[in-house]
Amino acid sequence: MTKSEDVLWRIRIGVKYGFFYLLWALLVAIVMDFTGLTPPGPATKADLSPAFFFIAVVFAPLMEELIFRFFPITLVRFVTKNKLVLWLTILSVSIIFGYLHGYWQNIFIQGFAGIMFSRAFLAGGLLCSFSAHSFVNLTIFTIATFLSP
């Protein structure tokens, strides 16, 4: 496999994990809406500027993947080969990742994203998890663009 084929493979795998996460998020959002557990929405209109696009689709996913996937997973893999410790770390970091995206309800949506992005990281490294995260944010940004008044 050439270098460019490897890069495309990692991006494709990342997009696949991102797509599966979006299906999960849609299902959870429907259930939360039905049960009345939906977290409060944003208080202001969505910012659809090019600068926000760059932050949402490139900068934030890269920083979050470094902080929540690359550093913790790499550190655990360096210290131990124990899969239980690895998955407890992934679960813990994913819960924190979800909670930091809003309210406790976000743990069920963005927390699961953390698990999916971690799976993508384990499958193909930082490029794979970054691709998944960017794909998800791009999809959400695109939907917000079309739904914004």
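Placing +1 on the Cβ of each Lys and Arg and -1 on the Cβ of each Asp and Glu in the chain, which of Ile30, Leu126, Phe59 has its Cα farthest towards the positive end of the resulting dipole?
The residue sitting farthest along the positive end of the dipole is Leu126.
Could you tell me the extents of the range 54-122's C-alpha atoms along the three principal axes, largest first, rounded to whole Å?
34, 26, 16 Å, listed from the longest principal axis down.
Looking at the range 1-108, which GluC sites (Glu not before Pro) are in a loop (DSSP not H, G, I, E or B) and have at most 11 other Cβ atoms within 10 Å?
none
Given axes a ≥ b ≥ c from the Cα gyration tensor, I'd like to know whether the chain is rounded (a/c under 1.5), prolate (a/b larger than b/c) or oblate.
oblate
What is the magnitude of the charge dipole of the range 1-142 about its Cα centre, with +1 placed on the Cβ of each Lys and Arg, -1 on the Cβ of each Asp and Glu, and no other charges, expressed in debye to the nearest 20?
440 debye
Which of Leu86, Ala144, Gln105 sits closest to the plus end of the dipole of the chain, meaning its Cα is farthest towards the positive end, when Lys and Arg get +1 and Asp and Glu get -1 on the C-beta?
Farthest along the dipole direction, towards plus: Leu86.
Taken together, the values in this text are just the output of simple stated rules run on the coordinates, not laboratory data. In this text, all values refer to a predicted model and were calculated from it rather than measured experimentally. Every residue, glycine among them, receives a Cβ derived from its backbone with ideal geometry; neighbour counts consider all protein chains shown.
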